[in-house]
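Data block below; observations after.
The values are calculated or read from the model by the stated rules, or taken from the named source; none is laboratory data. Predicted, not measured: the structure shown is a model, and the values here were computed from it. Cβ sites come from the backbone with ideal geometry, for glycine too, and all protein chains shown count toward neighbours. Quick note on the areas: whole protein, heavy atoms, side chains included, nothing else; ligands and nucleic acids left out. Shrake-Rupley method; radii C 1.70, N 1.55, O 1.52, S 1.80 Å.
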Amino acid sequence: DVTAYFVTRIASQQGGKIYAVDAKTGARKWSFPKNDAGLTSGHIFTTTPTLEKGKVYVGASDGAMYVLDAQSGEEVIRFNTGRPINSSAVVEDGILYFGSNSGTLYALDPSTGETATGWRNYNAGDSIV
C-alpha cells in the first residue's frame with residue numbers, strides 16, 4: 001500500500017493543507033488540518049513532506065514543523081520556531097534536522113522536541129531555506 005503526501009493552498013481561504021492519497025487509486029486517505037479552511041490566518045505549508053518511520057514532517061509559514069502520524073493524519077507533535085520554515089526536514093539516526101527563517105538549524109529528538117543530545121542548535125545568522 002503506497003501513499004503519496006503533498007501540500008496545497010486553499011485559494012478561497014488562503015490556508016494550507018496536507019493530503020495523503022492512495023498512490024494506486026488517488027483516493028484520499030486523510031487531510032490535515034481536518035477543517036475545510038486549512039491552517040489558520042492564511043498560513044500555508046511551505047516544505048515538501050518528509051516521511052520517516054510512520055511519521056510525516058512538514059514545515060509551515062506559521063513557524064511550525066508539524067509531525068503527523070502517517071496512517072491517520074493526526075498531529076503527533078508541533079515544533080514552533082517563531083519564524084516561517086522553508087527548509088524540508090531530514091531525519092537521520094533518530095534526529096530531526098531542519099532550518100527556519102530565524103536563522104537556526106535545529107537538531108531535535110522528534111518524539112520530545114528537545115534539542116538532540118550533544119547538539120547545540122546552529123545559528124546561521126540568516127534565513128535557512
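In table form, for the structure just shown:
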item	result
Within region 81-106, considering residues that are farther than 14 Å from residue 51 by Cα and among the hydroxyl-bearing types (Ser, Thr, Tyr), the one nearest to the chain's Cα centre (by Cα)	87
Test result for residue 40, in contact with a Pro (Cβ under 9 Å, 6 or more places away or on another chain) and of a type outside the set (A, V, I, L, M)	yes
Top-ranked residue of region 22-40 - restricted to ones that are of a type outside the set (Phe, Trp, Tyr) and within 17 Å of the chain's Cα centre (by Cα), ranked as nearest to residue 85 (Cα to Cα)	39
Single condition residue 20 does not satisfy, out of (1) of a type in the set (Gly, Ala, Ser); (2) touching a residue at least 24 places away in the same chain (Cβ under 8 Å); (3) farther than 25 Å from residue 90 by Cβ	(3)
Residues being among the hydrophobic types (A, V, I, L, M, F, W, C) and surrounded by fewer than 22 Cβ atoms within 10 Å (Cβ to Cβ) - total across region 35-59	3
Scope region 8-32; condition closer than 19 Å to residue 65 by Cβ and either loosely packed, with under 11 Cβ neighbours inside 10 Å or touching a Lys or Arg at 6+ places or on another chain (Cβ under 7 Å) (or both); matching residues	8, 16, 19, 20, 31, 32
Extreme residue, surrounded by the most Cβ atoms within 10 Å (Cβ to Cβ), among residues of region 72-83 that are farther than 13 Å from residue 62 by Cα and not charged (D, E, K, R)	73
Complete set of residues in region 1-53 that are small (Gly, Ala, Ser), assigned to a loop (DSSP other than H, G, I, E, B) and in contact with a strand residue (DSSP E or B) (Cβ under 7 Å, 6 or more places away or on another chain)	23, 27, 37, 38
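For (1) touching a strand residue (DSSP E or B) at 6+ places or on another chain (Cβ under 9 Å); (2) of a type in the set (Lys, Arg); (3) at pLDDT below 95; (4) open to solvent by 50 Å² or more (accessible area, probe 1.4 Å), each residue gets a yes or a no:
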{"position": "85", "(1), (2), (3), (4)": "yes, no, no, no"}
{"position": "90", "(1), (2), (3), (4)": "yes, no, no, yes"}
{"position": "93", "(1), (2), (3), (4)": "no, no, yes, yes"}
{"position": "101", "(1), (2), (3), (4)": "no, no, yes, no"}
{"position": "104", "(1), (2), (3), (4)": "yes, no, yes, no"}
{"position": "107", "(1), (2), (3), (4)": "yes, no, yes, no"}
{"position": "111", "(1), (2), (3), (4)": "yes, no, yes, yes"}
{"position": "119", "(1), (2), (3), (4)": "yes, no, yes, yes"}
{"position": "127", "(1), (2), (3), (4)": "yes, no, yes, yes"}
